[in-house]
Amino acid sequence: MILVTGGTGYIGSHTVVELINAGFETLIVDDLSNSEKEVVDRIEQICGKKPAFLQLDLKDRKKTFELFEKYPNIEAVVHFAAHKAVGESVEKPLMYYENNIGSLINLLNAMNEFKKTNFVFSSSCTVYGQPDILPVTENTPRMEAESPYGNTKKMAEDILRDHALANSAFKSIALRYFNPIGAHPSGLIGELPRGIPNNLVPFVTQTAYGLREQLSIFGNDYDTPDGTCIRDYINVVDLSKAHVVAIKRLLKKRNKSNYEYFNIGTGKGTTVLEIVKSFEKANSLKLNYKIVDRRPGDIEKIWADTTLANNELGWKAEIGLDETLASAWNWEKKYRS
Ligand code: UD1
């Protein structure tokens with residue numbers, strides 16, 4: 001059984017689907033602070049198999065230990081559960097450190113106690129900040145984090161590295177995601193931000209649906225071909241498959257060191273305007289947008305070198321941008337209706 005913390009969330013739910021499709025039994029643990037219990041039924045609709053579910057806040061050390069007592073057959077953990085809003089983290093840093101770091105420590109302590117050794121962590125390209133040389137490889141130096149949220153990802157990586165160093169039996173893989181977008185082709189699960197979306201693609205789909213009046217593009221005076229920022233947008237299903245591969249690598253003991261980390265992106269940079277154009281083309285519609293000032297804290301450009309993940313994990317992003325943006329629109333429409 002694979003324990004997926006934050007398994008009703010955006011990336012978590014897609015990963016549970018891919019784990020079930022790969023034949024794994026899954027257990028979702030989520031505090032439902034930013035997701036809906038209904039996702040569990042939707043996963044069942046997609047896979048024909050229901051994941052086990054437990055509502056639990058991993059900040060509760062006692063309950064986290066009890067979880068491992070109750071489910072002795074947990075073979076590996078994929079840890080998504082965390083707060084992820086950059087702006088909110090600047091306003092409430094203690095909440096972010098307490099939740100993102102506290103939960104990780106409780107989980108690792110419980111795993112230690114119950115002799116569980118396989119751990120996959122949800123990290124982010126945010127650890128690179130604005131790199132000098134592009135694309136970024138895993139050897140690109142990590143930068144001082146721009147926000148408490150980003151810092152929790154960087155600190156979590158350090159904690160895993162140190163823990164692995166001190167415990168040779170413990171094995172972990174951190175996956176540094178670039179920008180996950182899109183939704184499951186069934187349209188049954190997808191990204192569901194509460195309130196006004198911070199991220200680009202949910203804002204785009206909500207604008208197309210008429211929930212938002214206009215998309216604001218944050219700056220067109222960057223040093224990029226069309227002046228808008230560049231990111232590496234990765235399809236969430238492709239991204240989820242990387243977790244399945246990472247789990248298999250740990251279970252088959254194919255890992256080369258007991259703490260590994262990989263870039264998970266497409267290897268291709270896309271500007272904000274290219275996203276808008278691709279969205280319009282893929283879905284045959286026009287999007288209402290305007291160019292506004294730069295958003296403070298945004299980096300100009302980043303994309304991944306994914307050679308290591310390609311070679312070591314045998315994983316590669318496969319789904320194209322148009323198809324991904326069509327899936328995002330399909331999800332938005334289906335969910336709203
Ligand atoms: C942000 C976080 C990253 C986190 C990710 C979660 C920072 C520096 N990075 O990435 O750590 O993992 O969210 O998905 O905060 N944009 C617009 N208009 C909008 C929204 C976004 O033009 O309404 C532009 C942004 O300026 C950016 C691009 O779209 O160039 C992507 O933005 P977003 O989806 O928010 O992701 P990141 O900022 O890259």
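The values are calculated or read from the model by the stated rules, or taken from the named source; none is laboratory data. Not measured: the values here are computed from a predicted model. For neighbour counting, all protein chains shown are included, and Cβ atoms are generated from backbone atoms with ideal geometry for every residue, glycine included. Side chains included, ligands, DNA and RNA excluded: accessible areas come from the protein's heavy atoms. Shrake-Rupley method; radii C 1.70, N 1.55, O 1.52, S 1.80 Å.
For region 172-190, the set of residues classified as within 14 Å of the chain's Cα centre (by Cα) and open to solvent by 30 Å² or more (accessible area, probe 1.4 Å) consists of N179, P180, listed by residue number.
For region 279-291, which residues satisfy the criterion of being in a helix (DSSP H, G or I) and over 22 Å from the mean Cα position of the chain (by Cα)? Lay out the reasoning, then the answer.
Pass one, region 279-291, residues in a helix (DSSP H, G or I): 279-283.
Selection gives E280, K281, A282, N283.
When each of R249, R294, R254, R336 is tested for being surrounded by fewer than 17 Cβ atoms within 10 Å (Cβ to Cβ) and over 26 Å from P193 (Cβ atoms), the lone residue that passes is R254. Each residue in region 97-125 was checked for being within 13 Å of the ligand (Cβ to nearest atom) and without any contact (Cβ under 8 Å) to a residue 40 or more places away in the chain, and 0 pass. Against the test of being over 21 Å from K241 (Cβ atoms) and open to solvent by 70 Å² or more (accessible area, probe 1.4 Å), the options E98, E75, E25, E88 yield a single qualifying residue, E98.
Screening I275 with (1) open to solvent by 20 Å² or more (accessible area, probe 1.4 Å); (2) within 26 Å of G129 (Cα to Cα); (3) within 16 Å of the ligand (Cβ to nearest atom) gives one miss only, at (1).
When you check V272 against the structure, is it hydrophobic (A, V, I, L, M, F, W, C) and touching a Ser or Thr at 6+ places or on another chain (Cβ under 8 Å), yes or no?
Values: hydrophobic (A, V, I, L, M, F, W, C): yes; touching a Ser or Thr at 6+ places or on another chain (Cβ under 8 Å): yes.
Yes.
Remark: pairs (first residue in region 284-301, within 27 Å of L134 (Cβ to Cβ) and within 10 Å of the ligand (Cβ to nearest atom); second residue open to solvent by 70 Å² or more (accessible area, probe 1.4 Å) and part of a loop (DSSP other than H, G, I, E, B); Cβ separation under 6 Å; 6+ apart in sequence or on different chains) = I291/N220; G297/E146. Taken together, the residues in region 43-66 that are among the small types (G, A, S) and either touching a strand residue (DSSP E or B) at 6+ places or on another chain (Cβ under 6 Å) or over 27 Å from G190 (Cβ atoms) (or both) amount to 1.
Under the condition of being assigned to a loop (DSSP other than H, G, I, E, B) and within 16 Å of the ligand (Cβ to nearest atom), which residue from region 253-266 is nearest to T126 (Cα to Cα)? Before you say what the answer is, go through the steps one by one.
Pass one, region 253-266, residues assigned to a loop (DSSP other than H, G, I, E, B): 253-258, 265-266.
Filter once more, keeping what is within 16 Å of the ligand (Cβ to nearest atom): 265-266.
On the way: G265: 13, T266: 16 Å.
Out of the qualifying residues, it is G265.
Residues in region 130-153 that are within 16 Å of I264 (Cα to Cα) and either crowded, with 20+ Cβ neighbours inside 10 Å or touching a residue at least 12 places away in the same chain (Cβ under 8 Å) (or both): L134, P135, V136, T137, E138, T140, R142, K153. Of the residues screened, A326 is one that is crowded, with 17+ Cβ neighbours inside 10 Å and either of a type in the set (V, I, T) or under 21 Å from the mean Cα position of the chain (by Cα) (or both).
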